[in-house]
């Protein structure tokens with residue numbers, strides 16, 4: 001076993017960087033003093049000014065994660081930002097703190113990074129932080145009118161039992177009671193005192209339609225035309241789940257568009273903050289349910305960063321193999337669903353699912369479950385790959401997948417209908433994509449070769465020889481072809497990983513139910529098939545995380561949807577949405 | 001159902017006519033037709049939806065049971081497959097879809113979440129089981145259920161359909177107006193099940209009194 005990759009070098013770089021930032025703004029930037037925390041604290045009055053400098057002078061052009069933490073004991077609400085350079089390297093963490101007295105106000109950074117839009121709305125929705133000068137501050141995951149801000153530490157849900165799992169009611173000696181019976185409303189409900197449902201007037205989404213109108217393009221032709229507002233979803237066959245999109249149309253042209261989400265918001269963060277570190281692992285499977293292995297990897301990396309433990313050498317390779325197999329099946333499914341949306345109902349999907357089944361067989365052999373693998377553990381994986389599964393992987397990687405990928409390319413890529421629909425339809429240019437914090441294949445198809453596996457390598461990706469797939473036109477065809485490029489690169493990585501994989505233990509730690517995680521914060525991120533998947537964890541040394549936040553690729557990527565679709569035709573909208581390759585489990589969490 | 005099973009037992013049909021002639025009842029014929037073409041609503045909620053799609057694909061091939069025709073519109077669907085976590089925000093849409101489906105209609109709760117809330121039951125935006133609102137015919141356990149488990153559940157549904165009688169099944173009862181209609185819930189400070197308004201009002205008043 002070799003030593004884990006050195007962590008001191010990047011830390012020194014960060015320390016110098018933060019010193020430089022403090023020297024540049026001695027009045028408004030202060031160093032972070034809490035142990036195991038990184039970054040700087042910015043006075044909220046100067047946030048916009050400093051953020052502009054971080055972007056323009058320091059070159060951190062990609063704001064990836066924005067989230068809030070409720071420090072109830074210190075009576076502070078903190079907003080944490082993670083910024084990165086698209087040219088690679090470690091990140092810059094900066095934060096603002098506000099007194100925890102309503103109204104909690106923090107300046108919005110949408111002007112500087114448009115990608116902060118939805119993430120700030122999420123912090124407003126779940127924490128009640130008002131981002132002043134935000135152009136469209138509405139609730140995003142919950143509905144308007146919902147009582148309270150769920151992620152605040154003093155907000156308790158209806159089925160609340162205890163602060164931390166395992167609940168006493170679940171122990172073998174504990175007497176089982178239904179959660180329903182403990183609640184005055186006999187259900188998962190919590191109404192305010194003296195609430196009268198008979199006289200309640202529900203919100204009729206005026207805010208949504210007003211905002212849609214405000215952000216729509218204006219008719220400048222001089223012709224008098226009528227506009228219509230169409231709601232697509234949440235039940236619509238091509239929104240990839242339960243996404244709803246409100247669209248203003250003039251004829252067939254999209255003038256304005258607002259995604260409405262939260263239809264699959266199943267409270268991942270809140271449940272995570274009550275579960276032990278290990279108990280969260282199976283929940284991460286259900287984030288992006290196509291790619292459970294990648295989700296496990298992102299979460300494991302974040303916790304390992306906090307625990308400062310090495311990962312067993314063999315396990316690193318197993319992780320890479322699983323993550324890349326996941327990427328291949330995700331991209332195959334992407335091709336299937338995209339062609340579905342374009343009207344080639346089912347046939348390409350059937351091809352894609354055939355290969356996916358074979359990959360799922362491998363997942364089932366190693367983990368016991370087809371989709372929800374729950375395979376990774378802190379320090380490694382839960383068990384070794386069985387011998388027959390390894391030979392199956394080799395068959396797939398060396399024989400079947402290259403042949404089948406080539407077959408799919410041969411069948412589809414020169415297809416006239418596909419070319420007609422995809423070629424020259426603009427998705428995003430590189431500059432806009434970076435501005436909107438778009439990551440993953442969509443960013444790379446716009447000519448920005450930003451791949452975290454290369455830009456900020458994690459696991460053992462720095463040992464493999466592969467190219468970052470990049471294409472330059474930023475149209476739908478490029479977005480489509482880049483998935484095939486990535487499949488080929490993944491196969492290259494897989495071949496090398498299979499050859500280099502050493503023998504040895506698959507976990508550096510003893511497998512245990514309760515891991516000891518020291519107090520501090522960590523942000524672990526990986527290049528998931530859909531983009532950057534980040535996990536932000538704050539621990540206070542207890543068995544459960546104090547704050548657990550997922551920075552999903554889908555959720556941040558969809559911030560750019562409005563920009564992508566405005567001015568295009570409604571029939572292209574479905575394909576443009578397919579390009580983002582969103583999955584609702586991750587988008588809504 | 002094989003032609004033999006369409007026929008009533010104890011009728012001796014000559015061997016050379018067995019694939020041509022069946023002696024049966026209207027009820028049996030009707031159930032046979034219904035169970036052989038249960039068209040699901042093309043409606044996916046969460047993770048389970050992916051396994052539902054996988055059940056449609058080549059390896060599992062739901063078409064063997066006459067269920068491959070997924071209809072995107074509820075007006076042409078016979079079965080609502082609730083495939084995933086039902087959230088409070090989504091519930092009105094599901095109820096609206098269910099109310100639009102023509103009778104006879106069936107509901108299959110696929111997976112732990114749709115059956116009971118599953119791993120997300122404690123969540124503030126999660127409905128602990130679709131059966132709090134819709135009459136569920138078959139529960140399929142699993143998280144997510146494998147396609148095999150889903151198919152087993154759907155075969156159970158077919159068996160249920162086989163046993164239906166005109167006299168007792170809920171859509172052919174006289175006098176009742178639309179027995180399957182479910183009133184739309186309202187999104188208020190929390191999810192308001194309008195059938196329980198008075199109960200909620202009392203409980204909210206009690207809550208104020210105790211605090």
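Over segment A:268-588, what relative contact order in percent results from Cα pairs under 8 Å that are six or more residues apart?
27 percent
Roughly what would the spin-label model give for residue B:195 and residue A:177, points 7 Å off Cα along C-beta, in nm?
Going from the residue B:195 label point to the residue A:177 one covers 2.6 nm.
Taking only Cα atoms of segment B:43-108, what ratio of Rg to Rh do you get with Rh as the Kirkwood inverse-distance radius?
On the way: Rg = 12.3 Å, Rh = 12.6 Å.
Here Rg/Rh amounts to 0.97.
Which percentage, to the nearest 5, of the DSSP beta bridges contained in the protein assembly as shown is antiparallel?
Antiparallel: roughly 75 percent of the beta bridges in the protein assembly as shown.
Shielding by partners for B:79-91, please: the mean number of other protein chain Cβ atoms within 10 Å of each residue's Cβ. Let's see the in-between values first.
Working: counts 0, 0, 0, 0, 0, 8, 9, 3, 10, 8, 14, 9, 1.
That works out to 5 on average.
Provide the gained length on full extension for the span residue A:511 to residue A:74, in nm with one decimal, where the gain is 0.36 nm per separating residue minus the Cα-Cα distance.
Once the chain is fully extended between residue A:511 and residue A:74, it gains 153.8 nm.
Sort all Cα-Cα distances of segment B:3-172 into consecutive 5 angstrom bins from zero, then give the percent of pairs in each bin up to the one containing the longest distance.
Taking all Cα pairs of segment B:3-172, the binned fractions are 2, 9, 16, 19, 18, 13, 9, 6, 4, 2, 1, 0, 0 percent.
Given a cut-off of under 8 Å on Cα pairs at least six residues apart, what relative contact order in percent is computed for segment A:8-132?
22 percent
Full-extension gain between residue A:186 and residue A:462, please, as 0.36 nm times their residue separation minus the C-alpha to C-alpha distance.
Details: separation 276, 0.36 × 276 = 99.36 nm, distance 5.43 nm.
The residue A:186-residue A:462 span can extend by a further 93.9 nm.
Over segment A:217-351, what lengths in whole Å, largest first, do the semi-axes of the equivalent ellipsoid take, defined as the square roots of 5 times the eigenvalues of the alpha-carbon gyration tensor?
40, 21, 13
Rounded to the nearest 5, what is the percent of antiparallel bridges among the DSSP beta bridges in segment A:8-132? Intermediate values should be presented prior to the final figure.
Working: 20 of 27 bridges.
Given both bridge residues lie in segment A:8-132, the antiparallel proportion sits at roughly 75 percent.
Could you work out Rg/(2.2 N^0.38 Å) for segment A:268-588, with Rg from alpha carbons only?
Here the Cα radius of gyration is 0.97 times the empirical estimate.
Roughly how many whole Å is it from the C-alpha centroid of segment A:372-439 to that of segment B:129-156?
About 31 Å separates the Cα centre of segment A:372-439 from the one of segment B:129-156.
Before anything else, pin down the relative contact order of chain A: Cα pairs under 8 Å, at least 6 apart, normalised by residue count, whole percent.
Once divided by the residue count of chain A, the mean separation gives 17 percent.
Given points 7 Å out from each Cα along the Cα-Cβ axis, report the residue A:569 to residue A:32 separation in nanometres with one decimal.
Going from the residue A:569 label point to the residue A:32 one covers 4.9 nm.
Among A:574-586, A:328-340, how do they line up from the highest to the lowest mean number of other beta-carbon atoms within 10 Å?
Output ranking for A:574-586, A:328-340: A:574-586, A:328-340.
With every atom except the alpha carbons ignored, what do you get for Rg and Dmax of segment A:56-125, in angstroms?
Values for segment A:56-125 (Cα only, Rg and Dmax): 13.0, 40 Å.
Please sort A:91-100, B:113-122 by packing, taking for each peptide the average over its residues of neighbouring beta carbons within 10 angstrom, highest first.
Values: A:91-100: 20.3, B:113-122: 23.5.
Ranking, from highest mean packing down: B:113-122, A:91-100.
By average Cβ neighbour count within 10 Å, what is the ranking of A:497-507, B:18-28 from highest down?
Details: A:497-507: 15.1, B:18-28: 12.5.
The most tightly packed comes first, giving A:497-507, B:18-28.
Classify segment B:1-56: rounded, prolate or oblate, from the alpha-carbon gyration tensor (a ≥ b ≥ c, eigenvalue square roots; a/c under 1.5 rounded; otherwise prolate if a/b is larger than b/c)?
prolate
With just the Cα atoms of the protein assembly as shown, tell me how far they stretch along each of the three principal axes, in Å, largest first.
Ordered largest first, the protein assembly as shown gives principal extents of 97, 75, 71 Å.
Could you work out the mean count of beta carbons from other protein chains within 10 Å of each residue's beta carbon in B:195-203?
Whole-number average of other-chain Cβ neighbours for B:195-203 is 5.
What is the ratio of the Cα radius of gyration of segment A:8-132 to 2.2 N^0.38 Å, where N is its residue count, to two decimals?
1.01
Please report, to two decimal places, log10 I(q)/I(0) for segment A:254-327 at q = 0.21, 0.27 Å⁻¹ as given by the Debye formula with identical point scatterers on the Cα atoms and no solvent.
Log10 I(q)/I(0), no solvent term: -1.00, -1.29.
What is the Cα coordinate range of segment A:356-515 on the first, second and third principal axes, sorted by size from largest, in whole angstrom?
So the three principal-axis extents are 53, 35, 28 Å.
For A:178-184, what's the mean count of beta carbons from other chains sitting within 10 Å of each residue's beta carbon?
Across A:178-184, the average partner-chain Cβ count within 10 Å equals 2.
Considering all alpha-carbon pairs of segment A:167-288, what whole percent are spaced by more than 20 angstrom?
Cα-Cα pairs in segment A:167-288 separated by more than 20 Å: 68 percent.
Here, each number is a calculation from the coordinates, and none is a lab measurement. Just so you know, these numbers come straight off a predicted model, no measurement behind them. In this analysis, Cβ positions are derived from the backbone assuming ideal geometry, glycine residues included, and neighbour counts consider all displayed protein chains.
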